[in-house]
1. Identify, please: which residue in region 260-309 is more than 27 Å from Gln52 (Cα to Cα) and of a type in the set (S, T, N, Q) and is, among those, surrounded by the fewest Cβ atoms within 10 Å (Cβ to Cβ)?
2. Considering only region 372-382, state which residues are outside any loop (DSSP other than H, G, I, E, B), out of contact with any strand residue (DSSP E or B) (no Cβ under 6 Å at 6 or more places or on another chain) and either polar (S, T, N, Q) or surrounded by 20 or more Cβ atoms within 10 Å (Cβ to Cβ) (or both).
3. Looking at (1) surrounded by 20 or more Cβ atoms within 10 Å (Cβ to Cβ); (2) closer than 30 Å to Gly358 by Cβ; (3) away from the ligand (no atom under 16 Å from the Cβ), which is the only condition Val89 fails?
4. Report yes if some residue within region 65-82 is crowded, with 16+ Cβ neighbours inside 10 Å, among the basic types (Lys, Arg) and in a loop (DSSP other than H, G, I, E, B); otherwise report no.
5. Report the residue count in region 214-259 for those that are in contact (Cβ under 8 Å) with a residue 40 or more places away in the chain, touching a strand residue (DSSP E or B) at 6+ places or on another chain (Cβ under 9 Å), among the hydroxyl-bearing types (Ser, Thr, Tyr) and away from the ligand (no atom under 16 Å from the Cβ).
6. Does region 326-333 contain at least one residue that is closer than 30 Å to Phe231 by Cβ and either touching a residue at least 60 places away in the same chain (Cβ under 8 Å) or outside the structural domain of Ala53 (by TED's automatic domain parsing) (or both)?
7. Looking at region 249-256, can you tell me whether even one residue there is surrounded by fewer than 19 Cβ atoms within 10 Å (Cβ to Cβ) and over 29 Å from Val219 (Cβ atoms)?
8. Which numbered condition in (1) surrounded by fewer than 24 Cβ atoms within 10 Å (Cβ to Cβ); (2) within 18 Å of the chain's Cα centre (by Cα) is the only one that Asp210 fails?
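The values are calculated or read from the model by the stated rules, or taken from the named source; none is laboratory data. Here the structure is a predicted model, which means the values were calculated and not measured. Cβ sites come from the backbone with ideal geometry, for glycine too, and all protein chains shown count toward neighbours.
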Amino acid sequence: MKVSERTCGVEYAIRDIISYARAYESTGKQITYLNIGDPVKYDFVTPKHIKQALIDAVNNNQNYYTESEGLFELREAIVEKESQKGLSVTEEDVLVTNGVSEGLDMIMASVVDPNTEVLMPGPYYPPYASYVKFYGGKPIEFKLNDDGGPDLEDLESKITSRSNAICIISPNNPTGEVFDRRSLQQLIEVATEHELYIICDEIYDKIVFDDQFTGIGKVAKDAPLILLNGFSKGYLMTGWRCGYICTNSNSRKLDGIRKNVPKLARVRISANLPVQIAAAQALRGPQDHIKEMVEKLRRRRDYVVKRLNAIEGISCKIPRGAFYAFPEIDLDSRWKDDLQFVVDLLQKTGVLTVHGSGFGTAFGAGHFRIVYLPSEKVLEQAMDKLEYFVYNSGK
Ligand SMILES: Cc1ncc(COP(=O)(O)O)c(C=O)c1O
């Protein structure tokens with residue numbers, strides 16, 4: 001029977017690559033998974049007090065539907081967190097979602113009509129393009145400069161009468177790039193001037209290594225800024241599915257979003273209540289695990305980047321946040337493209353990464369993404385295998 005074209009066309013490279021992995025595993029061989037950004041699958045554990053809050057909520061029979069916009073107590077805690085980062089926000093500007101993924105779906109559903117163009121710097125996190133396409137729009141990639149800031153000339157040249165939004169992620173997936181204050185200011189100015197929504201995903205805001213992180217709220221003034229954030233990464237709650245949307249309370253241009261997006265929240269009833277109770281505890285309780293996590297990740301990042309850059313034919317910029325490295329490969333004549341490189345690497349060594357073109361062909365091609373969440377021992381073995389593979393794959 002017929003399945004809609006838009007559903008058949010959905011792509012998600014990070015998980016789609018798993019079909020190659022299944023075929024490999026079916027031969028009885030073991031895989032080193034460096035493809036999915038889930039810290040809880042490695043040696044990062046959800047803090048005890050957050051787990052306890054979830055258990056207590058369930059045991060106290062807080063197992064019912066809650067407000068569609070989200071539990072008020074959680075929205076209060078979110079307002080506290082995001083205000084500290086510089087955003088103008090009240091509880092009325094917050095909508096709690098089942099993960100940032102659901103928030104992204106709701107926002108794209110609300111800003112994309114057929115043929116709407118949504119600008120995003122390449123390489124991008126695949127669901128941004130997938131949801132734009134799903135709702136009939138067109139993702140348009142723009143360039144970043146070598147210093148990580150937006151190439152304003154390229155960005156401006158791509159704005160048309162069909163453009164409706166700019167999406168950014170800071171720290172970024174897949175590059176780990178963090179936008180500095182000046183870059184954020186420039187993006188806000190472009191969005192304001194051209195009446196574009198600016199959608200900013202700060203899910204990795206707690207995982208920043210070298211520089212001070214600047215929240216986009218600090219420079220937003222009255223721009224139509226929609227912020228997405230969640231608990232998966234910084235609070236190690238990936239499997240629990242909790243995130244949120246915040247709208248800049250200074251922007252009257254967002255009144256339509258504030259009025260209509262909650263309708264999408266109502267049709268799906270509510271986000272998971274016990275998890276929302278635990279999420280409020282995550283924000284209000286001890287934050288010690290964050291420092292430990294960042295320190296551990298910094299060591300792993302430094303190790304992986306050093307090993308990658310020591311391999312002839314591979315070069316990797318230093319990621320400033322999140323837990324991904326996005327090295328460039330000199331494909332020469334051995335591999336047709338980055339997908340063939342990644343599949344060949346998997347089939348010869350069992351190391352599973354993601355092909356860069358899955359993050360957008362314009363700027364992702366010729367790269368691959370590595371997740372550096374595993375222990376140093378696992379990373380060392382994976383880097384040894386990668387190095388051997390690059391030096392011993394026949395020309
Ligand atoms: C930039 C970005 N946004 C959103 C998500 C998904 O977040 P959630 O687990 O809250 O749906 C991810 C997951 O990898 C991500 O990298």
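1. Among residues in region 260-309 that are more than 27 Å from Gln52 (Cα to Cα) and of a type in the set (S, T, N, Q), the one surrounded by the fewest Cβ atoms within 10 Å (Cβ to Cβ) is Asn260.
2. The answer is Leu379, Gln381.
3. Val89 satisfies every listed condition except (2).
4. no
5. 1
6. Looking for residues that are closer than 30 Å to Phe231 by Cβ and either touching a residue at least 60 places away in the same chain (Cβ under 8 Å) or outside the structural domain of Ala53 (by TED's automatic domain parsing) (or both), one finds at least one in region 326-333, hence yes.
7. no
8. All conditions pass for Asp210, except number (2).
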